[in-house]
1. Among LEU109, PHE141, ALA96, whose Cα sits farthest toward the positive end of the charge dipole of the range 16-141 (+1 at Cβ of Lys/Arg, -1 at Cβ of Asp/Glu, about the Cα centre)?
2. Using the structure shown, select from LYS112/LYS152; LYS92/LYS256; LYS112/LYS366; LYS92/LYS281; LYS85/LYS366; LYS85/LYS112 the pairs with a Cα to Cα distance greater than 29 angstrom.
3. With r defined as the distance between the Cβ atoms of SER243 and TYR178 and R0 fixed at 45 Å, what FRET efficiency is calculated, to the nearest 0.05?
4. Restricted to Cα positions, what overall size does the range 62-264 have along the principal axes? Three whole-Å values, descending.
5. Run the dipole for the range 146-270 about the Cα centre, Lys and Arg Cβ at +1, Asp and Glu Cβ at -1, nothing else charged, and hand back the magnitude in debye, nearest 20.
6. Nothing charged except the Cβ atoms of Lys and Arg (+1) and of Asp and Glu (-1): what's the magnitude of the dipole of the range 62-264 about its Cα centre? Round to the nearest 20 debye.
7. Sorted by mean Cβ packing within 10 Å, highest first, what order do the peptides 59-65, 375-381 take?
8. With a Förster radius of 60 Å, plug the Cβ-Cβ distance of LEU109 and LEU296 into 1/(1 + (r/R0)^6) and report the FRET value to the nearest 0.05.
Amino acid sequence: MIKQYIKQALQQLRENTLVSVISIAGTALAIAMILVMVLVFQINSAGFAPETDRNRFLYVWGTEIAPKNEQGSRNRGNMSAEVVKECFYTLKRPEAVAAYVRDKRPVSLPGKRSFKEYDICYTDAGYWHIFDHRFVEGGAFGEADFRSAVPKIVLSRRMATRLFGGEKAVGRQVVMDYVTFTVCGVVSDVPNPLMVSYFDACVPYSCDDNLMRGNSEYGENMVGVLSMVLLARSSSDFDAVRSELDARVRRYNEGKADYSVDFPAGALSQLDAAMGSGAWKRVDWKTYLAGSGAFLFFLLLVPALNLTGVIQSSVQKRKEEIGLRKAFGATGRNLLTQILSENLVLTLIGGAIGIGLSLLLLVLSKSFMLNEGITLTLPMLIKPGLFLSALVFVFLLNILSAGIPAWRTTRQPIVEALKGEE
């Protein structure tokens, strides 16, 4: 029976080429636009190296320093090394925590001063327990290096090639901010500049006195430039980590005379970040779906309505055939199944084209939808959820576009159907 439906669908495609092409094109465009949104959300939320465990990440990006007496100005920014030490390094629930800040700095070889700036990540030893960077040379700096402020540096492969060509980089020296760093490792390049794990060079922030001191002129040494990333033991542990962090912050604030620190958006998961949450506001699912869900429904509904008219015209031409089949005992259920199955074949063809078109659109518009410097990789684009989403949208589009015309036709009296009447 399925083979017969496929043969009939292909025959309809040959007999009504224009209608079939319009149907397939409408399906392909709808699927492509929807999948582009799915892909963008996936790239921003799903885990892939060196952020394989994104489903366990929590971020703290912004702090608010407020006077306890409610008089004076509030300060919104980031946290100092003291806040990191007292509120985060003492946490027991997370598997690992890391403070970091990214900046641009010129990096040179000794005796060859260069003014070209590179993306520098200042962080601590916990960083290497959270992100699974693949080392092509050497290794990371450790906790002892961080505590002793040993000037070690990890380079990306791209950066190492720029500085040393194809020669071995580990053990060589580079100069940054008049400090000589020794290269201890080289990692594979990170594909997305927006990822926390992205850098050209990575050094212990303890090597920078300004980062360690923070701002001593305001907020009792709470103001700084550091952000946090935490690795929970599982996503089900998020609430426990947040509760422990709240307790640490309260204890820290009790020891301060004039100011208190707070994190307005709290600890954000990777999904929170993908939905548009930021340092000062957390976006929940309800708010996100109210916007993006409505837009997805619009992308699905408009082509479905257009295709309904096209399919109605196609079904109208087959009224006599449908009437004849009903006269010979075919039930409305049989006829409805046949029409939906035939249209599903065309919809699947359009869906397959739509998947390819979505990948093409994403590659061509990645600088607008993602970031100009991103390198799209197969793990970013190919996920089981991608094909599942495409299949769900194909079935929905098929039911919306073909269901109503098919249902109306199968309910028509046999005499009217044989006459081809509306």
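1. Projecting each Cα onto the dipole axis, the largest value belongs to LEU109.
2. Those over the limit are LYS112/LYS366; LYS85/LYS366; LYS85/LYS112.
3. Taking R0 as 45 Å, the efficiency between SER243 and TYR178 is 0.55.
4. In descending order, the Cα extents are 58, 39, 30 Å.
5. 580
6. Details: 27 positive and 28 negative charges, 120 e Å.
My answer is approximately 580 debye.
7. My ranking of the peptides, most packed first, is 59-65, 375-381.
8. With R0 = 60 Å, the Cβ-Cβ based efficiency is 0.70.
Values in this text are rule-based calculations from the coordinates and carry no lab data. Worth saying up front: this structure is predicted, and the values here are computed from it rather than measured. Here Cβ is always computed from backbone atoms with ideal geometry, including for glycine, and neighbour counts include all displayed protein chains.
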